[in-house]
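This report refers to the structure that appears directly beneath it.
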Amino acid sequence: MLSCKEVSHLNAARFDRPLSLRERFQVWLHLKFCDACIRVFSQLKFMRETMEQYRVGPSRNEKRHKD
Amino acid sequence: MPTPDNNTFRLEDLAEHRRYLFRYAIAQMRERDVAEELVQETLLAAVESSDSFQGKSSVRTWLTAILKYKIIDAKRRDAKSPVVDLASALDAEDDIEDFDSLYFKSDGHWQEPPPAWSNPAQSFENNMFWKAFEECLDNLPATTARAFYLREITGLETEDICKELAITTSNCWVMLYRARMNLRECLERRWFQSTSHRG
């Protein structure tokens, strides 16, 4: 079975390239037994959402002047 | 949607977008001076053409569109100057093994299993979160940051990032991996484990 280190590489790579079937299976198998790597993957997903928010910028009234 | 209380933006109204725009520019222009100049030109152009902001997109999206044109122009101007070899500027010089040993034991287990983050999505509403986030981005090594911005801000595919940075595909993946892990750890330390922002 893959180590947490190897799974981290693959979990991050999922945001940059498609994983092979074999890689996906290996990650899936690891995540069945490893809560830490599940958490890290969800945190990486959160960071992708954060970057999406960051691109849009603040949504509050942006033309306000300084109080 | 922002409703203008008068018809023009002032430069200080747009200041909060400066760092974002700088990241967008530095990803493609590499030189800080050039990137800063383009951002300044963009903000001035935006102030002058405030009327063209319809409020259909966010202010940041509108500014980014202006900046895109500035970058295209600047690249066209620079097209004749020789391409600088980027290898010297690479951050990937230190071994990936060394990087991994920050987080993992030699047997591949976590040094310390990362904890769960509570209510991450709520952070978006908090200005302090965005401040911490910007600081974490600032801490990325220069070329790693450019690779990450090209991927996550410009939205390029890895292949095109490699071309833009003149590095190999595997180097590219290593950089993106580092950027993600680095940022994850930084956000955890600066935000999710810090209690100072939870009043």
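Values in this text are rule-based calculations from the coordinates and carry no lab data. Worth saying up front: this structure is predicted, and the values here are computed from it rather than measured. Don't worry about glycine lacking a Cβ; one is built from the backbone with ideal geometry, like all the others, and counts go over all protein chains shown.
Side notes on the structure shown:
- Inter-part distance where segment A:1-64 and segment B:42-81 are each reduced to a Cα centre, Å: 32
- Within 10 Å of each Cβ in B:102-113, the average number of Cβ atoms from other chains: 4
- Cα gyration tensor, the protein assembly as shown - rounded (a/c under 1.5), prolate or oblate: oblate
- Rounded to the nearest 10 degrees, the angle from helix A:21-33 to the longest Cα principal axis of chain A is 90 degrees.
- Candidates B:S118, B:S170, B:S58: whichever shows maximal mean-square fluctuation once chain B is modelled as a Gaussian network with Cα springs under 10 Å: B:S118
- Radius 15 Å from Cβ of A:P18, net charge of other residues (Lys, Arg +1; Asp, Glu -1): +1
- Taking the C-alpha atoms only, the angle from helix A:4-13 to the longest principal axis of chain A is near 50 degrees.
- Helices that extend 30 Å or more along their long axis by alpha-carbon positions and average at least 0.5 on the Kyte-Doolittle scale are absent among the DSSP H runs of chain B.
- Think of it as helices only: each DSSP H run of n ≥ 4 in the protein assembly as shown is worth -39500 (n - 2.57), and spread over all residues that comes to -18500 deg cm²/dmol at 222 nm.
- For the protein assembly as shown, the Cβ-based charge dipole about the Cα centre amounts to some 760 debye (Lys, Arg positive; Asp, Glu negative; other atoms uncharged).
- Shielding by partners, peptide A:45-51 (average Cβ within 10 angstrom, other chains): 6
- Distance violations [Cα-Cα > 25 Å] among B:K56/B:K163; A:K45/B:K131; A:K5/A:K32; B:K70/B:K131; B:K105/B:K163; B:K131/B:K163: B:K56/B:K163; B:K70/B:K131; B:K105/B:K163; B:K131/B:K163
- Rounded if a/c under 1.5, otherwise prolate or oblate - chain B, Cα gyration tensor axes: oblate
- Under-5 Å amide H pairs with B:F104, H placed in peptide plane, nonlocal only: B:Q111
- Shielding by partners - mean other protein chain Cβ count within 10 Å, residues of A:11-18: 5
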